[in-house]
Amino acid sequence: MAFAVWGGVFAFLAVALGAFGAHVLGDKLSPEMMSVYHTGDQYQMYHALALIAVGILLRLQPDSRLLSAAGWLFVVGILLFSGSLYALSISGIKVLGAITPIGGLCFLAGWICFIVALAR
């Protein structure tokens, strides 16, 4: 159930960060950087919901290493993908964008683990 709790925390933070972006950063960031920020927030929410699903499914399949792997990959993906996009958009330091694809690969690997776990 820990993944469901983490999913809830990340979902809460996605809403809070989305509101922060809209109400505080909206007039401070360029439209391009605001779009980058929004992408990070959007993917955080999608994967927060995926973490909640992983947590619920682990109640049904508590020994599923694939579901556990999916959960961890989603957590790392949120931190790397969304985190790097938030940092890039606020700081403007372009090299932070080099981290984003690693988080994206974590998301993709997590979805593969999720699919294979459910297909078994």
Next on the checklist: Cβ-Cβ under 6 Å, sequence separation 6+ or interchain: first residue in the stretch 82-103 and farther than 24 Å from G71 by Cβ and among the hydroxyl-bearing types (S, T, Y), partner assigned to a helix (DSSP H, G or I) and modelled with pLDDT of 95 or more. Which pairs?
Outcome noted: S89/M33; S89/V36; S89/Y37
Checklist entry - So which of G71, G18, G97 ends up being modelled with pLDDT under 95 and either in contact with a helix residue (DSSP H, G or I) (Cβ under 8 Å, 6 or more places away or on another chain) or not basic (K, R) (or both)? => result G97
Checklist entry - How many residues are touching a His at 6+ places or on another chain (Cβ under 9 Å), of a type in the set (G, A, S) and within 28 Å of P31 (Cα to Cα) when one looks only at the stretch 57-113? => result 3
Checklist entry - Going through the stretch 80-120 one residue at a time, which ones are surrounded by 13 or more Cβ atoms within 10 Å (Cβ to Cβ), of a type in the set (S, T, N, Q) and over 13 Å from the mean Cα position of the chain (by Cα)? => result S89
Item to check | Complete set of residues in the stretch 75-93 that are in a helix (DSSP H, G or I) and among the β-branched types (V, I, T) | outcome: V75, V76, I78, I90
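Please work out which residue is surrounded by the fewest Cβ atoms within 10 Å (Cβ to Cβ), limiting yourself to the stretch 35-53 and to residues that are in contact with a helix residue (DSSP H, G or I) (Cβ under 7 Å, 6 or more places away or on another chain) and of a type in the set (A, V, I, L, M).
From the stretch 35-53, those in contact with a helix residue (DSSP H, G or I) (Cβ under 7 Å, 6 or more places away or on another chain) are 36-41, 43-45, 47-52; that's our starting set.
Checking the rest, the ones that are also of a type in the set (A, V, I, L, M) come to 36, 45, 48-52.
Values: V36: 20, M45: 20, A48: 23, L49: 16, A50: 23, L51: 28, I52: 18.
Once the filter is applied, the top-ranked residue is L49.
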Checklist entry - Within the set of pairs 6 or more residues apart or between chains, which connect a residue that is farther than 14 Å from L79 by Cα inside the stretch 31-43 to a residue that is part of a helix (DSSP H, G or I) and acidic (D, E) with Cβ atoms less than 7 Å apart? => result none
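The values are calculated or read from the model by the stated rules, or taken from the named source; none is laboratory data. What you see is a predicted model; the values in this text were computed from it and never measured. Every residue, glycine among them, receives a Cβ derived from its backbone with ideal geometry; neighbour counts consider all protein chains shown.
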